[in-house]
There are 2 protein chains.
Amino acid sequence: MTPRARLEAAIAAAAAADAAAAGAARRALDGKTKPRGSLGRLEELACRIAGIRASAAPGRLEPAVVVAAADHGVAVEGVSAYPQEVTAQMLGTFAGGGAAVCVLARQAGARLIVVDVGVREPIDHPAVLDRRIRAGTANIAREPAMTRGEAEEALAAGIELADGLVDDGVGVIALGEMGIANTTAASALTAVLLDADPAAVCGRGTGIDDQRLSHKIAVVRRALGRTPVDPTDPVGAIAAVGGLEIAALAGVTLGAGARRTPVLVDGFITAAAALAATRLCPSCGDALIAAHRSPEPGHGAILAALGLEPLLDLRLRLGEGTGATLALPLIAAALAVLSEMATFDEAGVTDAGA
Amino acid sequence: MTPRARLEAAIAAAAAADAAAAGAARRALDGKTKPRGSLGRLEELACRIAGIRASAAPGRLEPAVVVAAADHGVAVEGVSAYPQEVTAQMLGTFAGGGAAVCVLARQAGARLIVVDVGVREPIDHPAVLDRRIRAGTANIAREPAMTRGEAEEALAAGIELADGLVDDGVGVIALGEMGIANTTAASALTAVLLDADPAAVCGRGTGIDDQRLSHKIAVVRRALGRTPVDPTDPVGAIAAVGGLEIAALAGVTLGAGARRTPVLVDGFITAAAALAATRLCPSCGDALIAAHRSPEPGHGAILAALGLEPLLDLRLRLGEGTGATLALPLIAAALAVLSEMATFDEAGVTDAGA
């Protein structure tokens, strides 16, 4: 299958949330031994997942964390607090199991899939999946990040990855990423897709100062000013100003959506990927669950556009999928409440009603 | 040991957080492969627990959830949406494993201890610990909830329970409660201890309407107006307007604090208990971790007084310890980050510094 055919197939397969299943889950929760709605967002989460799965009783979902890594040519503009070689170094740390997301994935009982979509210097490690499209993007301040064909390849790689995980029994996918300077690419892509001013969607990433933030905004302006980018063409926008890992994660989102598999969105980068996916296929937005509120202003703009409210706000600003992974126990808890709690009838408890 | 002697021993044994251990944990986290502080509240949590445990490497902590149940005479005033017999019915559901907190404790891998401190009609079940002081409190709108001696007995029962759990290997205790009308008692106790107006600390509990809320405030005013309650005498305040499960949970907090064991505070009722414990022994406040933000206004007032910020805000309004139990995976995650993450040196990753 060509990358474009895979993309079109995923979009065609995507299904909106099943309102009947969500409604049945709601009724089941209303019969449990608790005041109605008193488990708040846990109940909403259970209903949302029931809708995504098209099942009033989704049971336990096997979790996976997908961390996509790639380099960004725009790093040469000095937009990040870290040098570009950190991407490959961190890929090694992911492979070795010592990175934050590795620790948190183990805690959550989730398998961790680390995929290299285009780190500048590849590392050879059995724990890193090689889905390299090219050795990092070009510098978006001067030229397109990648070709349209490469964007399609990266999207297709993500779709195929999600598809394989679902075939292998995975029922919920948490998104993660690594790529020095990728908040700059995510800011540019978000500015295009939301028609927002760069200043409104650029933040401090992993910790840049005021001066570097002004510079970052100027760099994004340059990227957007090079040539007109059509906001109604998400693949074109990714090719123009996006990132390889962002494209792959948009693909994972599309692939998961096509298989009725909930997707946990982490911070800003993964949200930009999810946003691009919903622009390619609006109904896959139904599969999204926002895990953690990022301090990045662009993240807030995307959440508002997608109508999502994060489950957690722990002031994380690391990325990697750490926020999404930390929300996995909440998914498990919500589904356990739906499947395991006693009803008023079973328990012989007096129900005060709504 | 008399109840009073046990209370005095716990207060004498309480130790403040160990700043050196917390500082050592901070330095260890700063050396991990991530921008400093980028795991936000997870890092703060790890440092706080290091301080409580007086250990820079607390390791994994075995979790327990203690749900204390009791009845409240003030229920006859019609302050709750539920009839009083629901307390005993829910105790049965806790024992049977079908209540929300049972499901969530299983999810979190925590043992669940259900203790009857004074439900009106006792239930005979091996899964319910009998620490009954009396068959529910008296109606605080008309008379003291209990005698001073009974308050001391309930406090001592909680201390003994915490002590036994720690002896048995438990390293973190989540507080939970059940007791129809117990938000009324918690409101009255909070109003006394914080010198607050009843209207500022009364809320909708598990879901009463405006009219019943006004009535509840009036009932609390009557309880406080019966006879002067000395806010500097927490045991006297508990006896005057508190609850048996509130007293027992204050005891659990004191007992845990005396053993350097972190205590996860759930919603309003458990926060009122924790507040009373800190008034008996200020240093045990160091052992407190706020798990979930309750919509009850009195909860916000207590958090502000204790300087605590909850980890979660999932719009839960059930109690039982559900919020505290949902935060247990965050505790485990924070400690795993501290013990398992690679350092920059180990991983060969370039550190950009602070």
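The values are calculated or read from the model by the stated rules, or taken from the named source; none is laboratory data. Owing to the predicted nature of the structure, the values given are computational and were not obtained by experimental measurement. Reconstructed Cβ throughout: ideal geometry from the backbone, glycine too, with neighbour counts over all protein chains shown. We work out accessible area using only protein heavy atoms, side chains counted, and drop any ligands, DNA or RNA first. Shrake-Rupley method; radii C 1.70, N 1.55, O 1.52, S 1.80 Å.
What is the minimum Cβ-to-axis distance for chain A, in whole Å, where the axis maps A onto B, and to which residue does it belong?
A:Pro329, 2
Taking the label point as lying 7 angstrom from Cα along the Cα-to-Cβ axis, what are the distances from A:Glu143 to the corresponding position in the remaining copies, in ascending order and in nanometres?
Label-point distances to the other copies, shortest first: 8.9 nm.
Which ³J(HN,Hα) values, rounded to whole Hz and listed in residue order, are derived for the range A:238-244 from phi using the Karplus coefficients 6.51, -1.76 and 1.60 in 6.51 cos²θ - 1.76 cosθ + 1.60 with θ = phi - 60°, glycine and proline given as x?
Calculated HN-Hα couplings, in order: 4, 4, 6, 9, x, x, 5 Hz.
Between the helical axis of A:148-167 and the dominant principal axis of chain A, each derived from Cα atoms, what acute angle in degrees is found, rounded to the nearest 10?
Helix A:148-167 sits roughly 30 degrees off the main axis of chain A.
Provide a whole-number value for the mean count of partner chain Cβ atoms within 10 Å of the Cβ atoms in peptide A:42-50.
2
Mind listing the long-range amide H neighbours of A:Val172? Cut-off is under 5 Å, sequence gap 5 or more, other chains count too, H placed in the peptide plane at 1.01 Å from N.
Correct list: A:Glu62, A:Ala64.
Over the residues of the range A:68-213, compute the C-alpha Rg and express it relative to 2.2 N^0.38 Å.
Ratio of Rg to 2.2 N^0.38 Å for the range A:68-213: 1.08.
Using only the heavy atoms of the protein chains and a 1.4 Å probe, how would B:Val229, A:Val241 rank by accessible area, largest first?
Final ranking, largest accessible area leading: B:Val229, A:Val241.
Using the alpha carbons of the range B:184-244, what is the convex hull volume per residue in cubic angstrom, as a whole number?
Roughly 69 Å³ of hull volume per residue.
Near A:Lys34, which lysines are there with a Cα under 29 Å away, not counting those fewer than 8 places off in the same chain?
B:Lys216
May I ask you to report, in nm to one decimal and beginning with the shortest, the distances from B:Pro83 to the same position in the other copies, taking label points 7 Å along Cα-to-Cβ?
7.5
When the accessible area of chain A is split by element with a 1.4 Å probe, what percent falls to carbon and sulfur?
Working: 5730 of 11550 Å².
Roughly 50 percent of what the probe reaches on chain A is carbon or sulfur.
Given the C-alpha atoms of the range B:67-141, compute the convex hull and give its volume per residue in Å³.
89 Å³
Give me the angle, in degrees from 0 to 90, between the Cα long axis of helix B:210-225 and the longest principal axis of the Cα atoms of chain B, rounded to the nearest 10.
80 degrees
Could you state the accessible area per residue of the protein assembly as shown in Å², with a 1.4 Å probe and every protein chain left in place? Intermediate values should be presented prior to the final figure.
Values: 23060 Å² over 708 residues.
So the protein assembly as shown comes to 33 Å² accessible per residue, rounded to a whole number.
Computed on protein heavy atoms with a 1.4 Å probe, what is the summed buried accessible area for the chain pair A and B, in Å² to the nearest 100?
Summed over both sides, the interface buries about 4200 Å².
Which FRET efficiency value, to the nearest 0.05, do you get for A:Glu340 and A:Asp167 by plugging their Cβ-Cβ distance into 1/(1 + (r/R0)^6) with R0 = 22 Å?
0.20
Defining the label point at 7 Å along Cα→Cβ, can you sort the distances from A:Ala16 to the same site in each other copy, shortest first, in nm?
6.0
From the mean inverse distance of alpha carbon pairs (Kirkwood) and the Cα radius of gyration, derive Rg over Rh for the protein assembly as shown.
1.02
Express the C-alpha Rg of the range A:146-221 as a ratio against the empirical globular expectation 2.2 N^0.38 Å, rounded to two decimals. Intermediate results must be reported in sequence, preceding the final value.
Details: Rg = 16.0 Å, N = 76, 2.2 N^0.38 = 11.4 Å.
This ratio for the range A:146-221 stands at 1.40.
Ratio of alpha-carbon Rg to the 2.2 N^0.38 Å globular estimate for the range B:26-82, to two decimals, please.
For the range B:26-82, the normalised Cα radius of gyration comes out at 1.99.
What is the extension gain from B:Arg106 to B:Ala218, computed as 0.36 nm multiplied by their sequence separation minus the C-alpha to C-alpha distance, in nm to one decimal?
Details: separation 112, 0.36 × 112 = 40.32 nm, distance 3.99 nm.
Gain on stretching B:Arg106 to B:Ala218: 36.3 nm.
Roughly how much of A:Arg120 is accessible, in Å² to the nearest 10, using a 1.4 Å probe?
We get 110 Å² for A:Arg120.
What percent do you get for the relative contact order of the range A:256-354 when only Cα pairs under 8 Å and 6+ apart count?
The value is 26 percent.
Please compute one quarter of the surface area of the Cα convex hull for the range B:215-264 and express it in square nanometres.
The Cα convex hull of the range B:215-264, projected and averaged over all directions, gives 4.5 nm².
Using a 10 Å cut-off around each Cβ of peptide A:88-100, what is the average number of partner chain Cβ atoms that fall inside? It would help to have the intermediate numbers written out before the result.
Values: counts 1, 6, 5, 0, 5, 10, 2, 0, 5, 3, 9, 7, 12.
Partner-chain Cβ atoms within 10 Å, mean over residues of A:88-100: 5.
Can you give me the Rg/Rh ratio for the range B:121-277, using Cα atoms for both radii and the Kirkwood formula for Rh?
Rounded to two decimals, Rg over Rh is 0.97.
What percent does the relative contact order of chain A come to when contacts are Cα pairs within less than 8 Å and at least six residues apart?
Details: 789 pairs, mean separation 88.9, N = 354.
Once normalised by length, the contact order is 25 percent.
Using every pair of alpha-carbon atoms in chain B, split the distances into 20 Å bins beginning at 0 and state the percent of pairs per bin, rounded to integers.
Each 20 Å bin holds this share of Cα pairs: 33, 55, 11, 1.
If you find the alpha carbon centre of the range B:80-137 and of the range A:27-99, how far apart are they in angstrom?
Taking the Cα centre of each part, the range B:80-137 and the range A:27-99 sit 34 Å apart.
What is the P(r) of the range A:265-307, as percent of Cα-Cα pairs per 10 Å bin from 0?
32, 61, 7
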